1. Taking a quarter of the surface of the convex hull around the Cα atoms of region 402-489, what do you get in nm²?
2. If I require 20 Å or longer along the helix axis, counting alpha carbons, and a Kyte-Doolittle average no lower than 1.0, what helices from the chain are left? Use full DSSP H segments.
3. Taking the simple approach of a point 7 Å from Cα along Cα-to-Cβ for both LYS428 and LYS194, what is their distance in nm?
4. Given points 7 Å out from each Cα along the Cα-Cβ axis, report the GLU541 to SER219 separation in nanometres with one decimal.
5. What number, rounded to the nearest 500 deg cm²/dmol, is the helix-based mean residue ellipticity at 222 nm of the chain, given -39500 (n - 2.57) per DSSP H run of at least four residues and division by all its residues?
6. In vacuo Debye scattering of region 180-234, one point per C-alpha: log10 I(q)/I(0) at q = 0.15, 0.17, 0.27 Å⁻¹?
7. Just the Kirkwood number for region 486-641, please: inverse of mean 1/r across all distinct Cα pairs, in Å, one decimal.
8. With labels modelled as points extended 7 Å from the Cα through the Cβ direction, what inter-label distance (nm, one decimal) is found for VAL464 paired with LYS296?
Amino acid sequence: MLSESLFCLLTEDLLIKILDRVDSDQKSLRLVCKEFLRVESMTRRTIRILRIEFLLGLLQKYCNIEELDLSVCPRINDGVVSILLSHGSVSWTRGVRTLVLSRATGLGYVGLEMLMKACPMLEVVDVSHCWGYGDREASALSCAGRLREVNMDKCLRVSDIGLANVAVGCCRLEKLSLKWCLEISDLGIQLLCKKCLELKFLDVSYLKVTSESLRSIASLLKLEVLVMVGCDLVDDVGLRFLEKGCPLLKAIDVSRCNCVSPSGLLSLISGHEDLEQIGAGYCLYELSVSFINGLKNLKRLSIIRIDGVRVSDFILHIIGTNCKSLVELGLSKCIGVTNMGIIRVVSGCGNLKTLDLTCCRFITDTVISAVSNSCPNLACLKLESCDMVSEIGLYHLGSRCLMLEELDLTDCSGVNDIALKYLSRCSKLVRLKLGLCTNISDIGLAHIACNCSNLTELDLYRCVRIGDDGLAALATGCNKLTMLNLSYCNRMTNTGLKWISNLSELSDLEMRGLSNITSIGIKAVAVGCKRLAHLDLKHCEKIDDSGFWALAFYAQNLQQINMSNCKVSDHVLCLLMGNLKRLQDAKLVYLPNVTIQGLELALRSCCGRIKKVKLQRSLRFSISSEILETIHAKGCKIRWD
């Protein structure tokens, strides 16, 4: 009572300053006293709704929000939006500037249009992965004339007509992403470039556009970033259009554009000396000397990704000589990478923070030593399938690269427990991938757990010598873990899962093929890991109904589950699918104890909420067509395996 009375004496300004300074989550602060609860509700600017039953109450409580995220809230449809906008006060809509509707496949053009019209200050909309969206939904977006950013990735049915509506209605657009909008052609891009002259960012990846689209894009005088990954119909002619256009261009990505050559890229960079980023992965057979020499004119170049290209020591030496300002270099799956080449490039690029050497199989510990000596500020290093790297290289890495946050050692057979001991000196590690490192054991994992307390993501896929003792060390030392892959770590038992249940922040857990895991372990995880959102149990054949029953009642935040090849019954499957109110993606391939009738009931129980479901291909004509059509109409994408 004393603390509450003291807070009552403080002004709102002072309470707000306290809230800003206290290093704690908002939920904890709300529980301190009524004053904090009141001020927090007044000052909160962003909200992410997880459950639809709380939607109306939360929007009425937080009436000053600027960003509303409904991407993980199930059952968002036109009817729900109608209720929200007609029920009492709708003051929450007045200040909303950002609306996230990614994967809201149940929301149609009617509800979308109502939202656009109800939010007069709206500037940013994300409808990515709404795969059923077409021209009517695009037309609804055009009702928000103040829009500056729109993400329409994988809106598969949007055509030139829909894009034209957006371009005409939202002429202030500065950022637009159209990745995988396969119905859009040169005509749509042409009209977009005529109407939206303020565009600074444009992503047309995987569109069936030609070089004629680049002629139109070249007229965008304010464009800074152009992403066109996988545009197979674009060639050097298009890049030459860009040479004299887009004077403010800073970043270009032509990865997987198979008709582009080094000469076309050279013409592009010759007209843009302020370029900062170049992406040209998997589109060139090899790099020409003239192209690499042209890079020396790009004084601000900081990122270059040339994955999958044939290189030589000489080429890498020129990059190291000409590109002193590089902070990121991508050489994933490049052919011809040797120790000498990497030593030369890092000796000239001492500011590197990210280096991708994935599948550069001929590099050895000599390279890791050179990288450690030349790049002390390295934050991300990817060495997947570099199996000649051993504890000697990681000794140097752990001694000198103390700023390292991300390391990928997947399929590096030379990594052992001693290597992990040296690596554990990198105490700032956040993401660590050790999949297929079959020579590491609980001892090495204990070294990581003891010193790397900031670790949030750990991949132990098929680390067959990892067992319960290693998981015990993880649960004790790495309590910030949010993502953990334990697939095919068959030494693990229910005891290990009981340790995992202590990881209260865990949201993503992969446990494929764990032959010793039973329902006892799954229940422990379901009870302890309240934030669990993604769970993969494929081929966990000893888990029975009691384990899935526990998930149905305790894992209420699950959004995605893979229970293919699991022994669940009709009754419990129906219970699980109906009871998990946030479930949006389910993989249900080959469930030997489930009948057609049971599967149909389970699909009915989640209809209107589920967004993706994977089913056994052989059942395609056995399941009622009426059920399949119904869940599809409700926004669910059905995949057949």
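1. Mean shadow area of the hull around the Cα atoms is 4.4 nm².
2. none
3. In this crude spin-label approximation the distance works out to 5.1 nm.
4. 6.4 nm
5. Computed ellipticity for the chain at 222 nm equals -10500 deg cm²/dmol.
6. Evaluating at q = 0.15, 0.17, 0.27 Å⁻¹ gives log10 I(q)/I(0) of -0.35, -0.45, -1.16.
7. 15.4 Å
8. Each label point is offset 7 Å from its Cα along the Cβ direction, giving 5.3 nm.
The values are calculated or read from the model by the stated rules, or taken from the named source; none is laboratory data. Small disclaimer: the values here were computed from a predicted structure and weren't measured. Don't worry about glycine lacking a Cβ; one is built from the backbone with ideal geometry, like all the others, and counts go over all protein chains shown. Remember, those area values only see protein heavy atoms, side chains included, never the ligands or the DNA or RNA. Shrake-Rupley method; radii C 1.70, N 1.55, O 1.52, S 1.80 Å.
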